[in-house]
1. Go through (1) among the charged types (D, E, K, R); (2) surrounded by fewer than 24 Cβ atoms within 10 Å (Cβ to Cβ); (3) touching a helix residue (DSSP H, G or I) at 6+ places or on another chain (Cβ under 8 Å) one by one and return the number of the condition residue 168 breaks.
2. Return the residues of segment 51-73 that are buried (at least 17 other Cβ atoms within 10 Å of the Cβ) and among the polar types (S, T, N, Q); say none if nothing qualifies.
3. So, in segment 325-364, how many residues would count as being closer than 20 Å to residue 385 by Cβ and of a type in the set (A, V, I, L, M, F, W, C)?
4. Go through the residues of segment 194-215 one by one and say whether even a single one is within 30 Å of residue 88 (Cα to Cα) and outside any loop (DSSP other than H, G, I, E, B).
5. Taking only segment 162-187 into account, find how many residues are assigned to a helix (DSSP H, G or I), touching a residue at least 12 places away in the same chain (Cβ under 8 Å) and either closer than 22 Å to residue 107 by Cβ or among the polar types (S, T, N, Q) (or both).
6. Hey, any hits in segment 281-302 for a residue that's hydrophobic (A, V, I, L, M, F, W, C) and assigned to a strand (DSSP E or B)?
7. Here is a check on your reading of the model: is residue 249 touching a residue at least 60 places away in the same chain (Cβ under 8 Å), assigned to a loop (DSSP other than H, G, I, E, B) and in contact with a Phe, Trp or Tyr (Cβ under 9 Å, 6 or more places away or on another chain)?
Amino acid sequence: MTNYYISDFSFNCHLGKSREDLASKIFNPDFVPKPKKVDLVSGDQSFFFSIEEELPPMQEEFKAFDSRNNRLALSLLNELQDKLRRLEDKHCVQRLGIVCATSTTGMDSFENAMRLSNKDMSKSNYNFKLQEMGNLSGFVKSFLNWQGPAYTVSTACSSGLKIFSEAKSLLDSDLCDAVLLLAADTFCDLTVNGFNSLEATSARICNPFSANRDGINIGEAGAAFILSKEKSDFRLAGIGESSDAYHISSPHPEGKYANLAIKQALEMAKISAEEIAYLNLHGTATIKNDSMEAVLVDSVFPKSLNTSSTKAFVGHCLGAAGAIELVFCLLALQEGFCPIHLNDREWDPDLPKLNFVETKTALNTSFVMSNSFAFGGSNASLIVEKIG
C-alpha cells in the first residue's frame, strides 16, 4: 500500500487559528467554553460557537464567490499560502486536486439577501450559485487556478472525514500528485432552526455522554490539509466508510454499520483496536448518538482506551466537524496529550462507561482515531500515525 502523508494543515474555529492557542485549551481540564446565545424562531435559545475574528474580505475578482463560507475558506488558504506555492513549483497544476466538504455552503448569503430585499429577490444582487454545494470547491479552484479534479463532498456530519477517502482515491488512481482537502461550514439560520425543529439543540452548553445531555450546539469552523506521498510527521494510516441504511436521522442503536467503518480503518492501518492511543468520539450530546456510540466503542475497543468528545470546545461544526476534530488529533500527536472531555461529570448510568479523558493524559502509542457519524447513516472513521 502506498503511504500518504498530511504535510501541512490550517484551521479556524471558535478557539482561533493558532496551534499554540488551541493546544493551550484542548488539553486543559479547567478550560471553560464561552459560546454566545442565539435566538431561534421557536422562541427557544441555544448556544453557538462562532468564529470571533474578522474573516478576510473577498478580492474584487472573486466577488461572485463572496459568502461567509468562502471567506472562511480564504482564511485557510492564506495560512497555507507558502506551502501551496511550493506544490505549484513542484507539480503540474493539472495534477493538483481539490476536495472540499460543507453542508451550509453560502446559505447565509441567501438569508441576508432575503432580509435586505424584503423578500423581493429582484432588488437583490444575490447569486443563487452561492447556495450550491460545489460553490466551495469552485471558489478554491478559481482562487488557486489549479486544473486538476475539484469537487465537494456533502454527506452532513461525516463530510469532513470522507474527503480523505476521496483524496486517497485520486492519489491511488494516479490522477493527482497532491490533493488539497478543505472543509468549511458557517452559521446560517436554516441549519440551526432545522436542528431545533428536530428537538436536537440544547439551551445549555452541550454535555456529551452525560445523564443530563439534551442536544447539540452548532459551531462554525474550517480546516484545510495537504495530502501527498511527500513524507512528513503525520501518515494517513487508515480510513473506513459505511452506510447504515437504517433511518433518515437516527443511527442504528448498536452502531452495527458504524462498526464496519471502524474495522475498515483498522484493517487498512494493519493494527488492532488495542494499538489506538486515543479516540475522538463523534459525541454530539444527543440522546441517540451518544447511546449508540458508547455501545459501539465498548464493544470494539479495550476499556482502557482514552476517549473524548470535543464538541464542548467548538460546538458541532457539521460538515467541518470531522476536519476540525482531526486537527485536534494532529495536535494530540504533536503535543503527546489527549484532548479533554468536557461535560458535567454526571455520567449516564444506562451507558457503558468509557475511559473519558478528564485530566491531562499522555498518549501511549503513535496512533489516534476519529469518528464521524452523520444523518442518513453516513459513517467515517480515520486513523493517523505520528512518524518518528
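The values are calculated or read from the model by the stated rules, or taken from the named source; none is laboratory data. Predicted model, so just to flag it, every value in this text is computed and none were measured. Virtual Cβ from ideal backbone geometry, glycine too; neighbours counted across all protein chains shown.
1. If we test residue 168 against (1) among the charged types (D, E, K, R); (2) surrounded by fewer than 24 Cβ atoms within 10 Å (Cβ to Cβ); (3) touching a helix residue (DSSP H, G or I) at 6+ places or on another chain (Cβ under 8 Å), just (3) comes out false.
2. In the first step, residues of segment 51-73 are kept if they are buried (at least 17 other Cβ atoms within 10 Å of the Cβ); the result is 51, 55, 58, 65-73.
Of everything in segment 51-73, those that are buried (at least 17 other Cβ atoms within 10 Å of the Cβ) and among the polar types (S, T, N, Q) turn out to be 67, 69, 70.
3. As a first pass, look at segment 325-364 and keep what is closer than 20 Å to residue 385 by Cβ: 325-339, 357, 361-364.
Now narrow it down to the ones that are of a type in the set (A, V, I, L, M, F, W, C): 326-333, 337-338, 357, 362-363.
Counting residues in segment 325-364 that are closer than 20 Å to residue 385 by Cβ and of a type in the set (A, V, I, L, M, F, W, C) gives 13.
4. First pass over segment 194-215, keeping only residues within 30 Å of residue 88 (Cα to Cα): none.
No, there is no match, as no residue in segment 194-215 is within 30 Å of residue 88 (Cα to Cα) and outside any loop (DSSP other than H, G, I, E, B).
5. Number satisfying all stated conditions: 3.
6. Start the filter on segment 281-302 by keeping residues that are hydrophobic (A, V, I, L, M, F, W, C), which leaves 281, 285, 287, 292, 294-297, 300-301.
Then keep just the ones that are assigned to a strand (DSSP E or B); that gives 281.
Yes - at least one qualifying residue is present in segment 281-302.
7. Taking the combined requirement at face value, the residue satisfies it.
For every residue, the table says whether it meets (1) at pLDDT 95 or above; (2) farther than 16 Å from residue 2 by Cβ.
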| site | (1), (2) |
| --- | --- |
| 178 | yes, no |
| 181 | yes, yes |
| 190 | no, yes |
| 209 | yes, yes |
